[in-house]
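Participant: Pasting a structure here, questions to come.
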Amino acid sequence: MSRPTTPPGPTRPDSLGAPDMTDDASVAAFARTLDEAARSSATTGLLTADVPDLTLDAAYRVQRAGIARRLARGETVIGAKMGFTSRAKMAQMGIDDVIWGLLTDAMQVEDGATLDTSALIHPRIEPEIAFLIGEPLSGRVSPAAAVRAVAGIAVAYEVIDSRYADFRFTLPDVVADNASACAFGIGPWHAPDRVAGENLGMVMEVDGRTVATGSSAAILGNPVRSLAAAARLAEGAGSPLRPGDIVLAGAATAAVPLTPGAHVRVVAAELGRVEVTTR
Ligand code: OOG
Ligand code: MG
């Protein structure tokens, strides 16, 4: 199995150096700005342009305030997504800290369904590995312990759509923007004891043409490490992963622009494929 030479450590919102001085009103205002940008298909300025010393703690508070707005509209949290867990993504985005965002039911696209991209800003798509949580999972757990909490593993895609111009941001900006979460689809679930999940070849095709190839090993050496990092972030956020939750472990390759009228297929060895058509 190939491993990154220096695996990046997960960011811990519970143990950061700088004090979080951002007041609740500012947190709510930032969340509203990002939410309105998403809903009006327009980019917004970086939060760190206004508050250069925005801490990660404050950024995660903005993220949670944005999720609270979605919940108020009737959405439900159904899991979490990990970001910057592969060198390909870190290099593409210029960020090398592992982060997370939350997934809601409104973001899930049925396998094979059509995704309307007309209201999105500048969507990109990336190949991922997903886990289905079977037992409550939170805290500092080993990857082996994390695997014992898993009920299923699947190939997945994530559509990201930064609310910032040109997908350019600093770490706190992207955390506040719910890690660019937009939409995702999951292929058929497989029993985790039948598929190890490490070092599975992955291919992403657009209209039958290969646009990205990689391996699940690109995700922190083994995507279960990303799951263990998710458990740690869940504890820091005070929201343990629950049975039935989905965790996207992060992209195995760089993301590619997603255009209308495209048919995208992501295939992973042993896990099958997941597909989406855009309009
Ligand atoms: C942030 C989200 C990163 C991943 O899989 O690494 C991410 C971004 O790239 O805009 O989802
Ligand atoms: Mg992703």
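The values are calculated or read from the model by the stated rules, or taken from the named source; none is laboratory data. These figures come from a predicted structure and were not determined experimentally. Positions of Cβ are backbone-derived with ideal geometry, glycine not excepted, and every protein chain shown enters the neighbour counts. Side chains included, ligands, DNA and RNA excluded: accessible areas come from the protein's heavy atoms. Shrake-Rupley method; radii C 1.70, N 1.55, O 1.52, S 1.80 Å.
Participant: Residue by residue, what Karplus-based ³J(HN,Hα) values in Hz, rounded to whole numbers, does segment 226-240 have, using 6.51, -1.76 and 1.60 with θ = phi - 60° and x for Gly and Pro?
Facilitator: With the stated coefficients, segment 226-240 comes to 5, 5, 5, 5, 4, 4, 5, 5, 4, 5, x, 7, x, 10, x Hz.
Participant: Can you give the % of DSSP beta bridges in segment 76-278 that are antiparallel, to the nearest 5?
Facilitator: Details: 47 of 53 bridges.
That works out to approximately 90 percent antiparallel.
Participant: So, one more: Using 5 Å bins from zero, what percent of all Cα-Cα pairs in the chain falls into each bin?
Facilitator: 1, 6, 14, 18, 20, 18, 13, 7, 2, 0, 0
Participant: In the full protein assembly as shown, how much of residue 242 is accessible to a 1.4 Å probe, in Å² to the nearest 10?
Facilitator: 110
Participant: OK, next. Normalising by the residue count of the chain, find the relative contact order in percent from Cα pairs under 8 Å and 6+ residues apart. Please list the in-between numbers first.
Facilitator: Details: 680 pairs, mean separation 77.4, N = 279.
The normalised contact order for the chain reaches 28 percent.
Participant: Picking from 172, 257, 240, which is most flexible by a Gaussian network model of the chain using Cα springs under 10 Å?
Facilitator: The residue that fluctuates most here is 257.
Participant: Then there's this: List residues of segment 219-253, by number, whose backbone nitrogen lies under 16 Å from a label position 7 Å along Cα→C-beta of residue 68.
Facilitator: Backbone N within reach: 237-239.
Participant: Please state the Cα pair-distance histogram of segment 85-221 with 10 angstrom bins from zero: what percent is in each bin?
Facilitator: Histogramming segment 85-221 at 10 Å steps yields 10, 38, 40, 12, 0 percent.
Participant: Across segment 137-154, in residue order, what do the Karplus-derived ³J(HN,Hα) couplings come to in whole Hz, using 6.51 cos²θ - 1.76 cosθ + 1.60 with θ = phi - 60° and x for Gly and Pro?
Facilitator: Once rounded to whole Hz, the list reads 9, 6, x, 7, 10, 6, x, 5, 5, 4, 4, 5, 8, 8, 9, x, 9, 8.
Participant: Taking amide H positions as placed in the peptide plane 1.01 Å from N, state which residues far from residue 182 in sequence (5 or more) or on other chains have amide H under 5 Å from it.
Facilitator: Close amide H contacts, sequence-distant or interchain: 159, 161.
Participant: What list of ³J(HN,Hα) couplings, whole Hz, do you get for segment 98-110 from phi and the Karplus terms 6.51, -1.76, 1.60, once you set θ to phi - 60° and write x for glycine and proline?
Facilitator: Along segment 98-110, the couplings run 6, 10, 9, x, 10, 9, 10, 4, 5, 8, 7, 10, 4 Hz.
Participant: For the chain, what is the mean residue ellipticity at 222 nm derived from helices alone (per DSSP H run of n ≥ 4: -39500 (n - 2.57); sum divided by total residues; nearest 500 deg cm²/dmol)?
Facilitator: Details: 7 runs with 71 residues, N = 279.
The helix-only estimate for the chain comes to -7500 deg cm²/dmol at 222 nm.
Participant: Give me the one-decimal Kirkwood hydrodynamic radius in Å for segment 22-118, with the sum taken over alpha-carbon pairs. Spell out each step's value before the answer.
Facilitator: Working: mean 1/r = 0.0659 Å⁻¹.
Mean inverse Cα-Cα distance, inverted, gives 15.2 Å.
Participant: Run the 1.4 Å probe and let me know the accessible area of residue 97, rounded to the nearest 10 Å².
Facilitator: About 50 Å², rounded to the nearest 10.
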